[in-house]
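*Asks:* First, the structure itself, so that you have it in front of you.
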Amino acid sequence: LHPDRNRDIPEAADAFKRLTDAADELRQALTEQRSILTSFCAAMGTTPTPETTERPQEALFAESTRLLYAVLALSGEGHVPPTTITRAVASFIANPSFPKCQAQVLLTEWYENNRLLDLFASPQVRTAYDCSKKKLRAQFLCALNRATGAEAKRQHDCVRGNWQTVMMQFPEIGLLRDFHEKLRVRVWSRTKEEKEADKKQRGSLWDDDSGPRPSSWAKKWRGRLSAILPRGLDSAVSWTDPDVRQVCAALWKDVAEWATTPEGSCDRPLQLFTAEPPPPGSSDPPEEWAFVPAADLLLVVGEHIVGMTAEGVFAENPSGHSRMSAADALADKWEELERKKKKSNDEKKEGSDEDRKSKDRDRDRDRDRDRDRDKDGKPKNDPNFDWEQVWRNRVQQSKHRRRSPLPSRGDRRRSRSRDRRRSRSRRRKDRRSKSRSRRRNEATSVSS
């Protein structure tokens, strides 16, 4: 295509110019991708290898996803007690996936500076996203969307304005958020029958301080999640746990079936997670889903009870909670345990109420009895009460009552003489001390 070698082709010069411009653009894009990859690696405490810098596109997308998951693991998602953050940092440091990453440095670089966030809004990251597999793209979108939630939780429901540019670069997040909002409505929307049943059970709604209550569908799944997850104040369980994976798969199947109904109407968001068709000539059976957003499901369905950090996933359970297997949880055996626990608590409460009522009755009876009797324990206005006998008994008691003896006349005389002697002794000592000091002064004056 060089014009000097194709003098007989008039379009050779224009074609060669377009080819040169395309090569310059490709070279510049590779340079920018290497620069962004180096920045991501520096934030994670590593350096890119020569093999990754030669073709940086795949490594750039992998490192950006790893950076998002590191921030989420350290920040915590969902209901995270303060004590679990310390354990999360220790688990993050011991995690072989982040060997040289400094936790506090990464959080400061992410939340206090805008440099890393602005890199996610760059066209180079979008190009790396478009060239990746579908399951990796879905994983990246979920992590990016949850990063906004983690920042909002950390900054009191406020996020940086730079996120707007990131959302414009990845408009698919809008579909994902629509899916979350519809699922959240299903979790917290209650039918009229459920509200009436709760009103009869709880009495007055003004006395209820438990907050909003989930629907019957969400209550069932929230109970299953609490049954298989450990107590957050004690420990956490890894995402690779078989019980967690089994319950998440069952929950996703239920949610996916609802999303395809007219009530859910989430066909477009589900396309973010459907599997790609197998290549021509492949003998492998087609897969239904490329990626299952398990963390997103637990955060939406288990809102206010489920939390996750670098240590794993956990739930807000009472003290002494023991985990249940996935088979028992899906069979709703946790409901039987809840009924037994509620019955035991009700019996204890009834027993304490009966004891309190019995004490109140005894106190009222004693008060009424004391009110109807006088200070001698006799009923008031009793016609057979002998007032004269009571008066004589009191006189006899006062006669025989032991009184404190008064000092006799001789005792008073001895006391006065003792005081007199003490006073004379005191005056005598004073005179002696004065004469002694006078003689000392006279001797001093004679010698001088």
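The values are calculated or read from the model by the stated rules, or taken from the named source; none is laboratory data. Computed from a prediction, not measured in an experiment: that's the story for all the values here. A quick note on method: Cβ atoms are made from the backbone with ideal geometry, for glycine too, and the neighbour counts reach across all protein chains shown. Surface areas here come from the heavy atoms of the whole protein model, side chains and all, with no ligands, DNA or RNA. Shrake-Rupley method; radii C 1.70, N 1.55, O 1.52, S 1.80 Å.
*Asks:* For the range 124-192, rounded, prolate or oblate, judged on the Cα gyration tensor with a ≥ b ≥ c (square roots of eigenvalues), a/c < 1.5 rounded, else prolate if a/b > b/c?
*Replies:* Verdict is oblate for the range 124-192.
*Asks:* Which residues' amide hydrogens lie under 5 Å from the amide hydrogen of Thr274, considering only partners 5 or more residues apart or on another chain, with H built in the peptide plane?
*Replies:* Residues meeting the amide H criterion: Ala290.
*Asks:* Quick one: Karplus J couplings for the range 32-40, per residue in order, coefficients 6.51, -1.76, 1.60, θ = phi - 60°, nearest Hz, x for Gly and Pro?
*Replies:* 5, 5, 5, 5, 5, 4, 5, 5, 5
*Asks:* Quick one: grab the alpha carbon gyration tensor of the range 245-314, order the square roots of its eigenvalues as a ≥ b ≥ c, and give me rounded if a/c is under 1.5, else prolate or oblate depending on whether a/b is larger than b/c.
*Replies:* Oblate shape, in that a/c is at least 1.5 and b/c is the bigger or equal ratio.
*Asks:* Further, regarding this structure: Could you tell me which of the pairs Lys192/Lys219; Lys182/Lys220; Lys135/Lys219; Lys135/Lys253; Lys219/Lys253; Lys253/Lys341 are separated by over 21 angstrom between their Cα atoms in the structure shown?
*Replies:* From the list (Lys192/Lys219; Lys182/Lys220; Lys135/Lys219; Lys135/Lys253; Lys219/Lys253; Lys253/Lys341), the Cα-Cα distance tops 21 Å for Lys135/Lys219; Lys253/Lys341.
*Asks:* Then there's this: Might you tell me the accessible area per residue for the range 79-149, computed with a 1.4 Å probe and given in Å²?
*Replies:* It amounts to 47 Å² per residue over the range 79-149.
*Asks:* Just list whichever of Lys153/Lys340; Lys153/Lys333; Lys100/Lys133 have alpha carbons separated by over 32 Å in the model shown.
*Replies:* From Lys153/Lys340; Lys153/Lys333; Lys100/Lys133, over 32 Å: Lys153/Lys340; Lys153/Lys333.
*Asks:* Once both labels are modelled 7 Å past Cα along the beta-carbon direction, what's the Leu30-Thr165 spacing in nm?
*Replies:* Rounded to a tenth, the inter-label distance reads 2.7 nm.
*Asks:* Set Lys and Arg Cβ to +1 and Asp and Glu Cβ to -1, take the dipole of the range 213-293 about its Cα centre, and tell me which of Pro285, Thr260, Pro214 lies farthest positive.
*Replies:* Sorting the options by dipole projection puts first Pro214.
*Asks:* Give me a comma-separated list of calculated 3J(HN,Hα) values for the range 429-445, in order, Karplus coefficients 6.51, -1.76, 1.60 applied at θ = phi - 60°, integers in Hz, x for any Gly or Pro.
*Replies:* Coupling constants for the range 429-445: 5, 5, 5, 4, 5, 5, 5, 5, 5, 5, 5, 5, 5, 5, 4, 5, 5 Hz.
*Asks:* So what are the ³J(HN,Hα) numbers for the range 300-312, from phi and the Karplus equation (6.51, -1.76, 1.60; θ = phi - 60°), rounded to whole Hz, Gly and Pro as x?
*Replies:* Along the range 300-312, the couplings run 7, 5, x, 4, 6, 10, 9, x, 8, 9, 5, 6, x Hz.
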